[in-house]
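Colleague: Before I ask anything, here is the structure I am working with.
Throughout, read-outs are computed from the coordinates displayed, never taken from laboratory work. All values derive from a computational prediction rather than experimental measurement. Counting neighbours? That spans all protein chains shown, and the Cβs are built from the backbone with ideal geometry, glycine included.
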Amino acid sequence: MQKIALVTGGNRGIGFETCRQLGHKGFSVILTSRDKALGEEAAAELAQAGLEVAYHLLDVTNRDQVSRISTFVEKEYGRLDVLVNNAGVSLDGDKGVFEVEQMVFEETFDVNLYGVLRVARAFIPLMIKNNYGRVVNVSSSAGSLKAMGTAAGAWPAYRTSKAALNALTRVMASKVKEHNIKINAVAPGWVRTRMGGPSAPRDVAKGAETILWLATLPASGPTGGFFKDRKRHPW
Ligand SMILES: NC(=O)c1ccc[n+]([C@@H]2O[C@H](COP(=O)([O-])OP(=O)(O)OC[C@H]3O[C@@H](n4cnc5c(N)ncnc54)[C@H](OP(=O)(O)O)[C@@H]3O)[C@@H](O)[C@H]2O)c1
């Protein structure tokens, strides 16, 4: 049976590349984005290349859209095998923790943490029903607690949101491990995208590599982990 995968923030960057690689692996991909025109254009580009890609609107901060897409997926496909929570924002630049506006913290957490929670809550029941699921939360090395005491003060909202996402990953994974659902976090490395900027050493293909690995884990694979380049990354 053809597997169904959904990617958030699929219109560009690592999300778009993840859709492309999943398509090449034979998945039926639901590319989602918060901007309809950009998402449709991205999905059309992949469909033109012969991949099975459908488009659906999804702003992960919008409860109604989350509810609508989970209803759509259940009706249309009856299953969701892979969920890649890729959508993310980095809004605080190099301001320190006491300089970044409270609102910036809240907006960052609304996408990077609560967005993942909203979307996961909407789809986990369907995964439990089918006794199968692979959820990949796109985190960051910047969210590693190990690095936090030593790194300079930049991106406090971004870094704490990804640390919280790592914690959420562990908590969610332990809850569903009896249902053949694996939930892992991934650090893609520093990747050349709009967020990563032009000086980043990695291309999107490398950035998406471990996401694909986690999205296609066998039943014996790990859950509740944090990975970079297919190896465990320090929390
Ligand atoms: N690039 C790096 O070096 C790097 C390193 C570590 C981790 N990451 C993580 O990798 C993921 C992808 O980042 P990227 O580098 O590909 O960045 P990017 O090019 O800036 O792409 C971010 C994507 O997230 C989407 N997005 C933002 N807010 C959203 C929302 N509320 N609902 C739905 N989609 C939303 C964006 O949509 P719009 O086009 O509408 O803005 C865009 O599609 C992020 O979670 C990021 O934190 C990246």
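Colleague: So what is the calculated 222 nm ellipticity per residue for the chain, using -39500 (n - 2.57) for each DSSP H run with n of 4 or more, over all residues, to the nearest 500 deg cm²/dmol?
Modeller: -14000 deg cm²/dmol
Colleague: How would you classify segment 138-235 from its alpha-carbon gyration tensor, with a ≥ b ≥ c the square roots of the eigenvalues: rounded for a/c under 1.5, else prolate if a/b is greater than b/c, otherwise oblate?
Modeller: Oblate.
Colleague: Hey, another quick one. Looking at the chain, what % of its DSSP beta bridges pair antiparallel, to the nearest 5? Don't jump to the answer; show the numbers that get you there.
Modeller: Working: 2 of 27 bridges.
Percentage antiparallel, nearest 5: 5.
Colleague: Name the shape class, rounded, prolate or oblate, that the alpha-carbon gyration tensor gives for segment 32-166, where a ≥ b ≥ c are the square roots of its eigenvalues, rounded holds for a/c under 1.5, and otherwise prolate holds if a/b is larger than b/c and oblate otherwise.
Modeller: Prolate.
Colleague: Once you've got the GNM for the chain with C-alpha springs shorter than 10 Å, pick whichever of Leu31, Leu51, Leu22 has the biggest mean-square fluctuation.
Modeller: Sorting by GNM fluctuation, first place goes to Leu51.
Colleague: Next question, about the same structure. Contour minus end-to-end for Ala49 and Gln2, with contour as 0.36 nm per residue of separation and end-to-end as the Cα-Cα distance?
Modeller: Roughly 15.1 nm would be gained on extension.
Colleague: If amide H atoms are built 1.01 Å from N in the plane of the peptide, which residues on other chains or at least 5 residues away come under 5 Å of the amide H of Ala185?
Modeller: Amide H to amide H, under 5 Å and 5 or more residues apart or across chains, Ala185 pairs with Asn137, Gly225, Phe226, Phe227.
Colleague: Follow-up question, since we're still on this one. Pairs of alpha-carbon atoms within less than 8 angstrom and 6+ residues apart define the contacts here; what relative contact order does the chain have, in percent?
Modeller: Values: 488 pairs, mean separation 44.7, N = 235.
Reported as a whole number, the value is 19 percent.
Colleague: Alpha carbon centre of segment 149-192 versus segment 62-96: separation in Å?
Modeller: Going from one Cα centre to the other spans 16 Å.
Colleague: If I stretch the segment between Trp235 and Val97 completely, what's the gain in nm (0.36 nm per residue apart, minus their alpha carbon distance), one decimal?
Modeller: Answer, rounded to one decimal: 47.6 nm.
Colleague: Give the order of Phe109, Phe16, Phe72 when sorted by the count of other beta carbons within 10 angstrom, beginning with the fewest.
Modeller: If I rank by nearby Cβ atoms, fewest first, I get Phe72, Phe109, Phe16.
Colleague: Here is a follow-up. Taking the Cα centre as origin and putting +1 on Lys and Arg beta-carbons and -1 on Asp and Glu beta-carbons, what dipole magnitude results for the chain, to the nearest 20 debye?
Modeller: Charge dipole, the chain, about its Cα centre: 920 debye, nearest 20.
Colleague: Kindly write out, for segment 82-99 in residue order, the coupling ³J(HN,Hα) from the Karplus curve 6.51 cos²θ - 1.76 cosθ + 1.60 (θ = phi - 60°), rounded to whole Hz, with x marking Gly and Pro.
Modeller: Values per residue, Gly and Pro as x: 10, 10, 10, 7, 9, 3, x, 10, 10, 10, 9, x, 9, 6, x, 4, 8, 9 Hz.
Colleague: Residues with beta-carbon under 14 Å from that of Leu113, excluding Leu113: net charge, scoring Lys, Arg +1 and Asp, Glu -1?
Modeller: +2
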